[in-house]
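Structure first, commentary second.
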Amino acid sequence: MTSFKNSLCAAVLALLALGLAAQQRGPIEQQHVDPASAVRGQALYRTSCASCHGPRARGTAAGVDLIRSTIIQHDLYGSTLGPFLHQGHAPHPSGLSTAQVLDLSNFLHQEFDATLSRSPAKPAPDILVGDAAAGQAWFNGAGQCSTCHSTSGDLAGIATRYADPYALQQRFVFPGGFHRGGSAAEAKRTVVTVTITSAAGPPVTGDLVNLDDFTIVYRDAQGHTQTVQRTPGMTVTEHNPLAYHEGLLKTMTDRQMHNMLAYLETLK
Ligand code: HEC
Ligand code: HEC
């Protein structure tokens with residue numbers, strides 16, 4: 001069971017790299033793991049993190065799978081792990097030094113790479129091991145895919161639009177273009193919109209730039225940046241078109257992913 005899980009997860013990770021290369025989105029920045037730092041990181045990880053996130057960072061009932069975490073996938077030398085830890089987000093220690101965060105980052109990237117090298121992508125056996133009929137049932141049922149997509153509409157012929165099953169799987173697992181080591185611009189490609197409703201006038205909608213307790217910054221239809229002070233009675237509604245997909249990344253089982261890929265591959 002564990003190895004099945006690992007291999008699928010590894011496949012997903014491999015897709016990140018492959019799909020990206022296929023789409024030629026420019027140079028991929030990758031973390032070059034410093035082995036000595038990773039050894040220190042492992043020691044720290046064992047005493048501070050493993051009890052909840054598991055010895056190989058694959059998660060336990062007390063802590064999420066860090067190999068599937070977008071915080072780790074986006075991380076370069078602590079760039080996203082550091083801010084997460086320094087927020088002092090309980091139960092996480094906030095007092096780690098930059099060097100310690102870098103060690104942890106190197107260790108986690110090493111685990112990530114180890115998962116990747118166990119990947120079926122190398123030497124590329126078939127990832128099409130799922131059951132297409134089960135995938136179709138999930139698409140139209142509990143997976144809720146058909147509430148947003150149609151196999152005779154936007155997803156018609158989807159399998160012909162991607163170079164291979166890996167690229168297709170990457171696309172449905174990370175439609176927003178999440179991938180390891182991508183640029184910040186890449187990671188933020190998904191446009192989240194915001195609608196502000198207040199007594200001051202008709203509701204306004206724009207592309208969300210920033211939101212905090214006091215102000216909302218958005219880009220209007222003309223591309224101008226607007227800043228609005230929050231007032232009592234104002235309603236602010238965020239809409240992230242990929243929220244469902246982002247949630248799926250955390251909840252989807254490996255079997256569901258395999259079955260879905262098998263089904264999507266039939267859409268030619
Ligand atoms: C007492 C249990 C516990 C310990 C110890 C712990 N974590 Fe966590 N961690 C969690 C839980 C629970 C979550 C998910 C909820 C949250 O984000 O707080 C989490 C979330 C995370 C996330 C965010 C994952 C995501 O994508 O949302 C990262 C990264 C992380 N932990 C790293 C670490 C590191 C590195 C350490 C060691 C320095 C550590 N954690 C120690 C329980 C723990
Ligand atoms: C709440 C709405 C919603 C649900 C539910 C949803 N998706 Fe998506 N999906 C999106 C959006 C939005 C995009 C991005 C579309 C784009 O980039 O043009 C997307 C993109 C995709 C793509 C890439 C399409 C392309 O043209 O490359 C695939 C494949 C996909 N989703 C499959 C699925 C599957 C399979 C499920 C069910 C497990 C699912 N989606 C559930 C909203 C949804």
At 7 Å along Cα-to-Cβ for each site, give me the label-to-label distance between Ala36 and Ala156 in nm. 6.1 nm
Give me the distance in nm between label points sitting 7 Å out from Cα along the Cα-to-Cβ direction at Val192 and His239, one decimal. 1.5 nm
Taking 95-102, 191-198 and ranking on average Cβ neighbours within 10 Å, highest first, one gets 191-198, 95-102
Rounded to the nearest 0.05, FRET efficiency between Thr266 and His86 (Cβ-Cβ, R0 45 Å) equals 0.45
Using a 1.4 Å probe over the heavy atoms of the protein chains, calculate the carbon and sulfur portion of the accessible area of region 191-239 as a whole percent. 53 percent
Can you put Lys268, Lys250 in order of accessible area, largest first, using a 1.4 Å probe? Lys268, Lys250
If packing is taken as the average number of other Cβ atoms within 10 Å across a peptide's residues, how do 153-162, 77-86 rank, most packed first? 77-86, 153-162
Using modelled amide H (1.01 Å from N, peptide plane; none on Pro or chain starts), what sits under 5 Å from the amide H of Gly206, excluding residues fewer than 5 places away? Val194
FRET efficiency (Thr251, Asp131; Cβ distance; R0 22 Å; to 0.05) is 0.70
Heavy-atom surface of region 31-117, accessible at 1.4 Å and reported per residue (Å²): 47 Å²
Assuming R0 = 35 Å, what is the FRET efficiency of His224 and Ala199, from their Cβ-Cβ distance, to the nearest 0.05? 0.90
Quick one: what are the phi-derived ³J(HN,Hα) couplings along region 136-152, Karplus 6.51/-1.76/1.60 with θ = phi - 60°, whole Hz, x for glycine and proline? 5, 5, 5, 4, 8, x, 4, x, 6, 4, 5, 6, 10, 10, 9, 6, 9
Does region 34-97 classify as rounded, prolate or oblate by the C-alpha gyration tensor (a ≥ b ≥ c root eigenvalues; a/c under 1.5 gives rounded; else a/b over b/c gives prolate, otherwise oblate)? rounded
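The values are calculated or read from the model by the stated rules, or taken from the named source; none is laboratory data. Note that the structure is predicted; figures quoted are calculated from it, not measured. Glycine also receives a Cβ, built like all others from the backbone with ideal geometry; neighbour counts cover every protein chain displayed. Note: accessible area is taken over every heavy atom of the protein model, side chains too, but ligands, DNA and RNA are not part of it. Shrake-Rupley method; radii C 1.70, N 1.55, O 1.52, S 1.80 Å.
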